[in-house]
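This report refers to the structure that appears directly beneath it.
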Amino acid sequence: MEKNESSKEQNTFFEQEFKLLSDAQTFLEDSSPKEDPKHKLKTIVDSYESLLKQSSKIMKIGDSTQHRLLKTQEALTDSNIMLEAAYMDLKLVTEIGRIITSSLEPKVIIQSVYENTKSIVPMDVLAFGTYDEEKKEIKYKFCVIDGKYVPAPSVDSLEEDNPSSYCVKQQKELITLDIDADFPNYVADIRKHFGENSKSALYFPLKVEERLIGILTVHSYNKNAFQPNQLNILRTLANYVAIGVDNADAYRTLSKRNKELKDSLEKIEVLNKSIEEERQKSENLLLNILPRSIADRLKGGEGVIADYFPSSTVLFADIVGFSKLTTKIQTPTRLVEILNRIFTEFDVIADKYKLEKIKTIGDCYMLAGGIPVPTEDHAYKAAQAALEMIHRLDELKPELEFEFNVRIGLHTGEVVAGVIGKNKFVYDLWGDSVNTASRMESHGATGRIHVSEAVYLSLKDKYNFEDRDVIEVKGKGPMHTYFLLDSKK
């Protein structure tokens, strides 16, 4: 408003000056003035004096305006300097915050705050205390005093009266620029923990989502050490420290859990390996007792397994005179070793021809072909196995030190095969064909393979036989039987 009035006065002054000059020029050029020249001249002089007064007033107004402009310019310059300083502080605090929140070690966090802040905030002591909810205390584990890192200097109980408990109970920061004057009751605690030189002290509660993380404290050896802008910087840094330390705690907890999980997984892996080894042992043991298909069915939940096979060849092999030989063998262990040696060779032969070993009964070995998986050539495979058993036993005689012989019987017919019971599972055969095969063995001859007519009719085109004619078979009556000799070339 004042500026507008001054502008109007200047315009009026210039208009009056122009009019005065015009009047003076007219007066000087008029050779026959109509009025008294003195009067006219006096009027011009009076107007000129009036203009001089206005000019002086305008000059004063201009000086005042210029002075105000200079003061405003100085104030703007000072504000700009302060703004630049505040911007630099904000930039520095932001960079420190980035360093703090990206670190996962509280020690690194506290050292970063000190190294990057000491140039803008006076601090002789910087410490961070963690909150132990269970023990109700603040543990100052991380501390920098006089520029040196000092681990674990002190603990403040939250059940006692001290600066830490003040912050927690009051839920606010503690700021004192003169400890002796403001908090004489805290002087002993502060100096016991952080030295005898503290004069100004700041305690900031650190929270993340309303959870108390701990306390950040800053001390100076001078009174009135902290300015308002420095307090704001420290408040901002305290928030960064809270986030950084919480992240570090979360990372440490996660790392611990990961290690525990890794250890548990390793233990589980070892346990699983042991379980797998035991499972494999059990599997192998089960497969030594049962055919795989039968074992799978039992594991699948089948209780009683009984399968009918319209055609199967059953073989019985008996060690001749074994009972008498036992009196000549010195120890039971050696006896079992010899029997095991013979039957192991029989097992190899059975595996070779894909025949199913059913069981051993004393010195008798039983197998069958065409079960549990039906095949068309089970009689041929059983015959081949019988011939190899006799041949292999002859080869073993020198090694066994005793004269062992075998008597073998074969019969082809229908059987029922399966597993019954709940304990000590055994895959077994039932039916008249089993009895007939057993009778072929018991009515046979040492070192020979005695077969029924059913076997002969099945294999006569592939093997040579010796006709034994009709014989009386116990429990079966008259039967036409044969001795299997060898394969036709």
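The table below lists the values:
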| item | result |
| --- | --- |
| Matching entry among Ser323, Ser311 (being under 16 Å from Phe404 (Cα atoms), in contact with an Asp or Glu (Cβ under 8 Å, 6 or more places away or on another chain), of a type in the set (Ser, Thr, Tyr) and assigned by the TED database to the domain that holds Ser452) | Ser323 |
| Only listed residue being over 15 Å from Phe128 (Cα atoms), part of a helix (DSSP H, G or I) and either small (Gly, Ala, Ser) or not assigned by the TED database to the domain that holds Thr130 (or both), chosen from Ala238, Ala250 | Ala250 |
| Some residue of region 393-404 being assigned by the TED database to the domain that holds Ile358 and touching an Asp or Glu at 6+ places or on another chain (Cβ under 6 Å) | no |
| Residue in region 305-339 that is nearest to Ile449 (Cα to Cα), counting only those that are of a type in the set (Lys, Arg) and in a helix (DSSP H, G or I) | Lys324 |
| Filter result for the condition that a residue is at pLDDT 95 or above and on the phi < 0 side of the Ramachandran plot, over Leu396, Leu400, Leu410 | Leu410 |
| Within region 405-471, strands (runs of 3 or more DSSP E) holding 3 or more residues that are surrounded by 17 or more Cβ atoms within 10 Å (Cβ to Cβ), in the same structural domain as Met366 (by the TED database) and hydrophobic (A, V, I, L, M, F, W, C) | 405-419 |
| Filtered residues of region 311-326 (kept if closer than 18 Å to Ala382 by Cα and open to solvent by 20 Å² or more (accessible area, probe 1.4 Å)) | Ser311, Asp318 |
| Test set (1) more than 60 Å from the chain's Cα centre (by Cα); (2) in a loop (DSSP other than H, G, I, E, B) - Pro374 fails condition number | (1) |
| Of all residues in region 289-331 being acidic (Asp, Glu) and modelled with pLDDT under 90, the one that is farthest from Lys357 (Cα to Cα) | Glu302 |
| Candidates Tyr114, Tyr131, Tyr140 - the one that is of a type in the set (Phe, Trp, Tyr), modelled with pLDDT of 80 or more, in the same structural domain as Pro205 (by the TED database) and open to solvent by 60 Å² or more (accessible area, probe 1.4 Å) | Tyr131 |
| Scope region 327-367; condition under 27 Å from Arg439 (Cβ atoms), without any contact (Cβ under 8 Å) to a residue 24 or more places away in the chain and open to solvent by less than 50 Å² (accessible area, probe 1.4 Å); matching residues | Phe343, Asp347 |
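The values are calculated or read from the model by the stated rules, or taken from the named source; none is laboratory data. Small disclaimer: the values here were computed from a predicted structure and weren't measured. Don't worry about glycine lacking a Cβ; one is built from the backbone with ideal geometry, like all the others, and counts go over all protein chains shown. Just so you know, the surface numbers come from the protein's heavy atoms only, side chains and all, with ligands and any DNA or RNA stripped out. Shrake-Rupley method; radii C 1.70, N 1.55, O 1.52, S 1.80 Å.
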